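The values are calculated or read from the model by the stated rules, or taken from the named source; none is laboratory data. Keep in mind that what you see is a predicted model, and the values were worked out from it rather than measured. Cβ placement follows ideal geometry from the backbone for every residue including glycine, while neighbour counts extend to all protein chains displayed. Please note that ligands, DNA and RNA were not included when accessible areas were found on the heavy atoms of the full protein model with its side chains. Shrake-Rupley method; radii C 1.70, N 1.55, O 1.52, S 1.80 Å.
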Amino acid sequence: MKIMVTVKQVPDTSGKVAVNDDGTLNRASMQTIINPDDLNAVEEALSLKDEYGCKVVAFTMGPMQAEPMLRELLAMGVDETVLISGREFGGSDTYATSQIIAAAIDTYGIDDDDIIIAGRQAIDGDTAQVGPQIAEKMDLPQVTYVKNFAMADDMKTITVERALEDGHEVIEIQTPCMLTAIKELNTPRYMNIAGIYNPDKKITVWNAADIEVDLTTVGLKASPTNVFRSFTPKPKGKGMMLAGDTEKDLAKDLLIRLKDKHVI
């Protein structure tokens with residue numbers, strides 16, 4: 001049994017976000033972090049490893065600068081990482097990215113009892129599309145927005161609790177399958193000393209020649225998503241603090257301010 005996790009290196013949005021003329025992010029000029037939802041996917045995979053002894057493999061597509069992120073995952077307990085990198089993949093949108101990652105997972109090999117776990121969405125695009133698109137392209141059953149998880153004794157049946165806006169639903173799914181995790185699923189662990197100093201864990205790097213993917217379906221030119229305009233929104237006006245020790249005092253102060261501005 002293998003647990004395959006898809007992860008993404010994303011810009012640290014607490015800093016300055018730069019955009020190229022073609023609408024793609026200028027990732028080289030920004031600090032990066034591991035996508036938060038993907039850390040929940042990694043944690044769930046590692047929890048399954050702790051309980052069942054399965055192998056955990058992390059996949060990411062991106063430039064070679066993604067290596068430090070993968071080393072963090074290895075230090076957390078991931079057994080193997082695969083970086084799919086190549087100039088042909090630059091500018092890929094969700095459709096093209098899912099083509100690449102699905103091809104990489106196929107190349108690695110997926111068995112009947114394997115599970116693929118992805119984060120719900122990435123904070124740079126917020127589309128929540130890559131995980132489901134990978135499942136569609138690999139013809140796998142999928143459940144998104146997973147907030148709870150239980151494995152049956154047969155190790156092939158999974159019961160998941162899927163979050164909805166007004167509640168949840170319980171779904172039973174058979175492996176192999178795709179699940180997408182939300183932050184309520186778990187709390188990601190930290191790196192450990194044994195993982196940090198383990199020299200045996202390597203990062204496998206694959207290029208376009210290593211995976212069976214149609215190059216006409218990847219990259220910026222093959223991506224159906226078009227960015228017509230990108231801009232930094234204007235900062236919101238400074239807020240005001242109401243003064244008063246009681247609710248009555250606060251309401252009085254609010255009333256005075258609204259009258260001063262001729263709102264009422």
Applying the selection to segment 131-146, what residues are open to solvent by less than 70 Å² (accessible area, probe 1.4 Å) and farther than 30 Å from Asp214 by Cβ? Val146
Could you please give the count of residues in segment 87-128 that are open to solvent by 40 Å² or more (accessible area, probe 1.4 Å) and either of a type in the set (A, V, I, L, M, F, W, C) or over 17 Å from the mean Cα position of the chain (by Cα) (or both)? 11
The conditions are (1) closer than 21 Å to Ser223 by Cα; (2) without any contact (Cβ under 8 Å) to a residue 24 or more places away in the chain, and Val130 fails exactly one of them. Which is it? (2)
Take the residues in segment 212-232 that are modelled with pLDDT under 75 and among the hydrophobic types (A, V, I, L, M, F, W, C), then tell me which one is surrounded by the most Cβ atoms within 10 Å (Cβ to Cβ). Val227
Scan segment 157-191 for residues that are in contact (Cβ under 8 Å) with a residue 60 or more places away in the chain and under 21 Å from Asp114 (Cα atoms) and report the count. 10
Whichever residue in segment 27-55 is aliphatic (A, V, I, L, M) and at pLDDT below 90 and, among such residues, is surrounded by the most Cβ atoms within 10 Å (Cβ to Cβ): Ile34
State whether one or more residues within segment 239-256 are more than 22 Å from Met61 (Cβ to Cβ), out of contact with any Gly (no Cβ under 6 Å at 6 or more places or on another chain), touching a residue at least 12 places away in the same chain (Cβ under 8 Å) and not hydrophobic (A, V, I, L, M, F, W, C). no
Somewhere in segment 56-63, is a residue touching a residue at least 60 places away in the same chain (Cβ under 8 Å) and crowded, with 21+ Cβ neighbours inside 10 Å? no
Within segment 235-253, count every residue that is part of a helix (DSSP H, G or I) and open to solvent by 80 Å² or more (accessible area, probe 1.4 Å). 3
Mind listing just one residue for me: the one in segment 174-202 that is farther than 23 Å from Ala122 by Cβ and touching a Ser or Thr at 6+ places or on another chain (Cβ under 9 Å) and, of those, least open to solvent (accessible area, probe 1.4 Å)? Thr175
